[in-house]
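Engineer: I have a structure here, written as structure tokens, and I will follow up with some questions on it.
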Amino acid sequence: MAKPSPRAGASAKAKVQLSGLDADGARTGGTQGHGANEEDDGSGVAQGLSFREAQTALELCLAQLQDQDLDVEAMAGLYRRALAYAERCEAVLARVEQQVMQWDPGQPDLAPTPYTP
């Protein structure tokens, strides 16, 4: 039996969060259809997401922003959410960058050192 891809799981979680319902069907701070809550910038929801989940949620927001029938208020809310998801992606990447270790194959006896840009 084929194992589901991590992206499929991230996509499902991001869609649930954007739909405004949690896994049990209870209301969350997500958008409802095109009507994003003006005061909900998505930063609280974005903080709990992995990189892949935040990236998928960002892609979904951007796809919704391309809708021609979107009103200005919904567009502003989706834009704020997209920013929160993009910031989450950047934060995760920055954290991972600090964890990357450099290893010099020319000197195998030396221990790997933390990456510094």
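The values are calculated or read from the model by the stated rules, or taken from the named source; none is laboratory data. Just so we're clear, the structure is a prediction, and the values are computed from it rather than from any experiment. Cβ sites come from the backbone with ideal geometry, for glycine too, and all protein chains shown count toward neighbours. These area figures cover heavy atoms from the full protein model, side chains too; ligands, DNA and RNA do not enter into them. Shrake-Rupley method; radii C 1.70, N 1.55, O 1.52, S 1.80 Å.
Engineer: Tell me which residues, restricted to segment 59-74, are open to solvent by less than 100 Å² (accessible area, probe 1.4 Å), in a helix (DSSP H, G or I) and hydrophobic (A, V, I, L, M, F, W, C). Working first, answer last.
Structural biologist: Start the filter on segment 59-74 by keeping residues that are open to solvent by less than 100 Å² (accessible area, probe 1.4 Å), which leaves 59-65, 67, 70-71, 73-74.
If we keep only those that are in a helix (DSSP H, G or I) as well, we get 59-65, 73-74.
Scanning segment 59-74 gives 60, 61, 62, 63, 65, 74.
Engineer: May I ask you to list the residues in segment 94-117 that are open to solvent by less than 100 Å² (accessible area, probe 1.4 Å) and within 23 Å of the chain's Cα centre (by Cα)?
Structural biologist: 94, 96, 97, 100
Engineer: Which of the residues that make up segment 75-90 are more than 19 Å from residue 44 (Cβ to Cβ) and either of a type in the set (S, T, N, Q) or open to solvent by less than 40 Å² (accessible area, probe 1.4 Å) (or both)? Give the steps one after another, and end with the answer.
Structural biologist: From segment 75-90, those more than 19 Å from residue 44 (Cβ to Cβ) are 75; that's our starting set.
Those that are more than 19 Å from residue 44 (Cβ to Cβ) and either of a type in the set (S, T, N, Q) or open to solvent by less than 40 Å² (accessible area, probe 1.4 Å) (or both): none in segment 75-90.
Engineer: Another one. Suppose the filter is open to solvent by less than 80 Å² (accessible area, probe 1.4 Å), among the hydroxyl-bearing types (Ser, Thr, Tyr), out of contact with any Asp or Glu (no Cβ under 7 Å at 6 or more places or on another chain) and modelled with pLDDT under 80; does residue 56 pass it?
Structural biologist: Details: open to solvent by less than 80 Å² (accessible area, probe 1.4 Å): yes; among the hydroxyl-bearing types (Ser, Thr, Tyr): yes; out of contact with any Asp or Glu (no Cβ under 7 Å at 6 or more places or on another chain): yes; modelled with pLDDT under 80: no.
Judged against the criteria, residue 56 is not a match.
Engineer: Given (1) out of contact with any Asp or Glu (no Cβ under 7 Å at 6 or more places or on another chain); (2) in contact (Cβ under 8 Å) with a residue 24 or more places away in the chain, identify the lone condition not met by residue 80.
Structural biologist: It fails just one condition, (1).
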